[in-house]
Amino acid sequence: MNSLIVIGVIVVIAGIGIVLYNQLASLRVRADAAWADIDAQLKRRYDLIPNLVETVKGYASHEKGVFERVTELRSQAIAAQGPAEQAKAENMLTQALRSIFAVAENYPQLRASENFSQLQGTLSEIEDKIQAARRYYNAVVRDYNTKVHVIPSSLVATMFNFKDREYFELESPEERKAVRVDFSDRT
C-alpha cells in the first residue's frame, strides 16, 4: 500500500514536471517565432532604405554625409545580434532616417514626388508592423521570464537550463521626454 502511494506521488510530480517543461518550451518557441516576425519586418525596412536614400539623393546630392551615415547605420543594424544590440542599432538608424526626412522637408519637389511619397508610406507601414511585432514579442518574453522565475516552474527551468530572454526595447526620444508640468500659482 505504501509503495502504491509513493509511486502515485512520483507519477503526479513527474506529470507536473512534464506539464511545466512543456509550458516553458512552448513559450520559448513562441518567443523565437515572435523574434522571427520582428526580424522579417526589419529586413523589409533594410531593403527599403537604399531606395529611400537614392530617391532623396536625386534631389539633394550635396547632403552626402547624411546618406553615408544612414548607409553605415543600416549595415550596423543588419549585423546586430540579439534584442539589446539590435535595439541600440535600430534607435541610431531611426535617428538617421529622421535626418533624411528633415532634408526632404527642404525640397518641395521631392515631397511632391510620387516615388518619395510611396516610399515614405511604405516605411510608415513597416514601422507600425515593427511596433506591433515588438509589443507581441515583449509580451511573450514577459510571460516566459515570469514562468522561469515562479515556483514550481522555476525548478524545472533551472533543471533544464531555461534562461531569461531580453526584451526588445526601441527608444524613441518622444517616448522618453519628460512631461512638463507647471504647478506655478496662476491666481
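Name the one entry in 40, 25, 36, 31 that is assigned to a helix (DSSP H, G or I) and in contact with a helix residue (DSSP H, G or I) (Cβ under 6 Å, 6 or more places away or on another chain).
On the way: 40 fails: in contact with a helix residue (DSSP H, G or I) (Cβ under 6 Å, 6 or more places away or on another chain); 25 fails: in contact with a helix residue (DSSP H, G or I) (Cβ under 6 Å, 6 or more places away or on another chain); 36 fails: in contact with a helix residue (DSSP H, G or I) (Cβ under 6 Å, 6 or more places away or on another chain).
Testing whether each residue is assigned to a helix (DSSP H, G or I) and in contact with a helix residue (DSSP H, G or I) (Cβ under 6 Å, 6 or more places away or on another chain) leaves just 31.
Of everything in segment 124-179 that's among the β-branched types (Val, Ile, Thr) and not in a helix (DSSP H, G or I), which residue is modelled with the lowest pLDDT?
Looking at residues that are among the β-branched types (Val, Ile, Thr) and not in a helix (DSSP H, G or I), I get 179.
Tally time: how many residues in segment 41-88 are polar (S, T, N, Q) and closer than 21 Å to residue 166 by Cβ?
Summing the residues that are polar (S, T, N, Q) and closer than 21 Å to residue 166 by Cβ in segment 41-88 gives 4.
Check segment 74-88 and report whether any residue there is without any contact (Cβ under 8 Å) to a residue 60 or more places away in the chain, closer than 24 Å to residue 32 by Cβ, assigned to a helix (DSSP H, G or I) and among the acidic types (Asp, Glu).
Yes - at least one qualifying residue is present in segment 74-88.
Take residue 136 and tell me if it is buried (at least 19 other Cβ atoms within 10 Å of the Cβ) and of a type in the set (Phe, Trp, Tyr).
Values: buried (at least 19 other Cβ atoms within 10 Å of the Cβ): no; of a type in the set (Phe, Trp, Tyr): yes.
The answer is no for residue 136.
Could you identify the single residue in 23, 41 that is closer than 30 Å to residue 107 by Cα and touching a residue at least 12 places away in the same chain (Cβ under 8 Å)?
Numbers: 23 fails: closer than 30 Å to residue 107 by Cα.
Of 23, 41, the one residue that is closer than 30 Å to residue 107 by Cα and touching a residue at least 12 places away in the same chain (Cβ under 8 Å) is 41.
The values are calculated or read from the model by the stated rules, or taken from the named source; none is laboratory data. Predicted model only: the values in this text are computed from it and were never measured. Cβ atoms come from the backbone with ideal geometry, glycine included; neighbour counts cover every protein chain shown.
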